[in-house]
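J.: Attaching a single structure in structure tokens format; questions to follow.
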Amino acid sequence: MPPTLYQAPTGTQDILPEDVPYWTLVENEARRQARLANYGEIRTPTFEHSAVFRRGVGETTDIVEKEIYSFVDRGGDDLTLRPEGTAATVRAYLQRGMSSQPKPVKLFSLINAFRRDRPQRGRFREFHQFNVEALGEEDPLIDAELVALQLRFYAALGLDNLKLQINSIGDPVCRPSYIQALRDYFEAHRADLCDDCRRRLETNPLRLLDDKTPTCQPILNQAPRSIDHLCDACRDHFAQWQSYLSAADLTFTVNHRMVRGLDYYTRSVWEVWPQEAGAQSTIGGGGRYDGLAEQLGGPRTPGVGFATGLERIILAMREQEVPPPHASGPAGFLVVQHAGLKRHAFGLAERLRQRGITVDLAFGDRKLGKQLDAANKSRSQFAVILGDDELARQQVMLKDLRTGEQQTVAESELSAILELHHSANGLVDGAAH
Ligand code: HAM
């Protein structure tokens, strides 16, 4: 039997060289936008003790009930691949003594995350997030700063037609009475609810609100609204947040059914949706989580943040026909008249690379014509042709692959010429921005 030709696991992707310019563009922009508001980068481990997410994200969330990748390692530790970044960031904040720094402590990360979701468009089992958090600050001004950062990031990438939805889901003072109101209401409609909703009614009544079953929608639309149950402090916080959003000219709608899929949220929650018809998933979302640090064993520490999926951003950029970043080829591609010159070509290529000039060269023993084909396919600007006669005079033949023009130049001038042309075209590190 021939050996199996392996496939990548379902829900994972290979990000290929032609896709990477989008990724570097998005990652660079994320770093730039985070820095503009003085957020510092943090990198936490890919896996954590399972309790961090079970306690942090919540036992009755879809993520913990159905989607986390957990395993017991050989030493008996119960570990989980991170399904998100917030709980791990708060764990690191508490463990590394960041609570002694001036508040707010502003952190961001670019992470891979893992959820055993049903794969579909924009939904993967390994995906990537730009995750931004502010710890130690209760002022709704920071909730507004985070939303502004998120929207500025999308705008800088050329995305438009995005809709911001916000809500407030209260805190431990007012949430219980809201949950009771929901319970009473849903109990009265129990007979008309789907099985999932009936189950959720026992475990987590808030989560019924984002159920998508068509027959439940009329009931859910009429459900009690959280903002009618907020305590004075939460109502005031919500009002101030909205006024700060308006101060930055950010338009939003209040969505009374938006509760988010993670249990740690208190007060502010928000999501950003593409407006395209048929778009059924958020591009990013966040909220406040003032109780999370305590759930993870720390002192009371207010917190707020958001995460946005890089796959979904790139998908939206492609859909909205945001032009792809231009990927450049090398400055030069070295070809030889005969195989005996390969050693010389390799030495020259390495000297050029040491000077920071991007070059490639032909491998194998192909004829000159085939090597020139390879040079063209590499989208190199120049073919650098090495022949016996030229080398005897310490020269090379330079062919501009765009114009077809040829000239003989001294080998010693080569690096200056390649560098000049390459930077004149604004081609840097495989992508021009
Ligand atoms: P989340 O809403 O679960 O929130 O995820 C945030 C974003 O991650 C989503 O809007 C989406 O763009 C992306 N995402 C989630 N799951 C997938 C998936 N299976 N495939 C592709 N993309 C996905 C959080 O994770 C919170 N930690 C956000 C937060 C930060 N709240 C406060 N701070």
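The values are calculated or read from the model by the stated rules, or taken from the named source; none is laboratory data. Everything numeric in this text was worked out from a predicted model, so none of it was measured. All Cβ positions, glycine included, derive from the backbone under ideal geometry; neighbour counts span all protein chains shown. The area values use the complete protein model at the heavy-atom level, side chains included, leaving out ligands, DNA and RNA. Shrake-Rupley method; radii C 1.70, N 1.55, O 1.52, S 1.80 Å.
J.: Just checking, does region 270-283 include any residue being in a strand (DSSP E or B), touching a Phe, Trp or Tyr at 6+ places or on another chain (Cβ under 6 Å), modelled with pLDDT of 95 or more and within 12 Å of the ligand (Cβ to nearest atom)?
T.: Among the residues of region 270-283, not one is in a strand (DSSP E or B), touching a Phe, Trp or Tyr at 6+ places or on another chain (Cβ under 6 Å), modelled with pLDDT of 95 or more and within 12 Å of the ligand (Cβ to nearest atom), which makes the answer no.
J.: Restricting to region 297-314, name every residue that is assigned to a helix (DSSP H, G or I) and in contact with a Pro (Cβ under 9 Å, 6 or more places away or on another chain).
T.: Correct list: Arg312 only.
J.: Further question: Go through region 132-143 and give me each residue that's open to solvent by 10 Å² or more (accessible area, probe 1.4 Å), within 15 Å of the ligand (Cβ to nearest atom) and among the aliphatic types (A, V, I, L, M).
T.: Ile142
J.: A further question on this structure: Taking the residues in region 379-433 that are basic (Lys, Arg) and more than 20 Å from Gly340 (Cβ to Cβ) as candidates, determine which candidate is modelled with the highest pLDDT.
T.: Checking each candidate, the answer is Lys399.
J.: Next question. Do you know which of the residues in region 68-97 that are open to solvent by 20 Å² or more (accessible area, probe 1.4 Å) and in a helix (DSSP H, G or I) is nearest to Gly11 (Cα to Cα)?
T.: That would be Arg91.
J.: Confirm whether Gln295 is surrounded by fewer than 20 Cβ atoms within 10 Å (Cβ to Cβ) and touching a strand residue (DSSP E or B) at 6+ places or on another chain (Cβ under 9 Å).
T.: For Gln295, the condition - surrounded by fewer than 20 Cβ atoms within 10 Å (Cβ to Cβ) and touching a strand residue (DSSP E or B) at 6+ places or on another chain (Cβ under 9 Å) - is not met.
J.: Identify, by number, the condition in (1) within 11 Å of the ligand (Cβ to nearest atom); (2) open to solvent by less than 50 Å² (accessible area, probe 1.4 Å) that Arg312 doesn't meet.
T.: Evaluating Arg312 over (1) within 11 Å of the ligand (Cβ to nearest atom); (2) open to solvent by less than 50 Å² (accessible area, probe 1.4 Å) leaves (2) as the failure.
J.: Continuing with this model, one more query. Can you tell me which residues in region 166-209 are of a type outside the set (Lys, Arg), part of a helix (DSSP H, G or I) and in contact (Cβ under 8 Å) with a residue 40 or more places away in the chain?
T.: Matches in region 166-209: Ser177, Tyr178, Ala181, Leu182, Thr203, Leu206, Leu209.
J.: To continue, here is another question. Confirm whether Ala307 is more than 8 Å from the ligand (Cβ to nearest atom), crowded, with 19+ Cβ neighbours inside 10 Å and within 21 Å of Arg31 (Cβ to Cβ).
T.: It is false that Ala307 is more than 8 Å from the ligand (Cβ to nearest atom), crowded, with 19+ Cβ neighbours inside 10 Å and within 21 Å of Arg31 (Cβ to Cβ).
J.: Hey, does region 70-77 have a residue that's within 19 Å of Val259 (Cα to Cα) and free of Cβ contacts under 8 Å to residues at least 60 places away in the same chain?
T.: no
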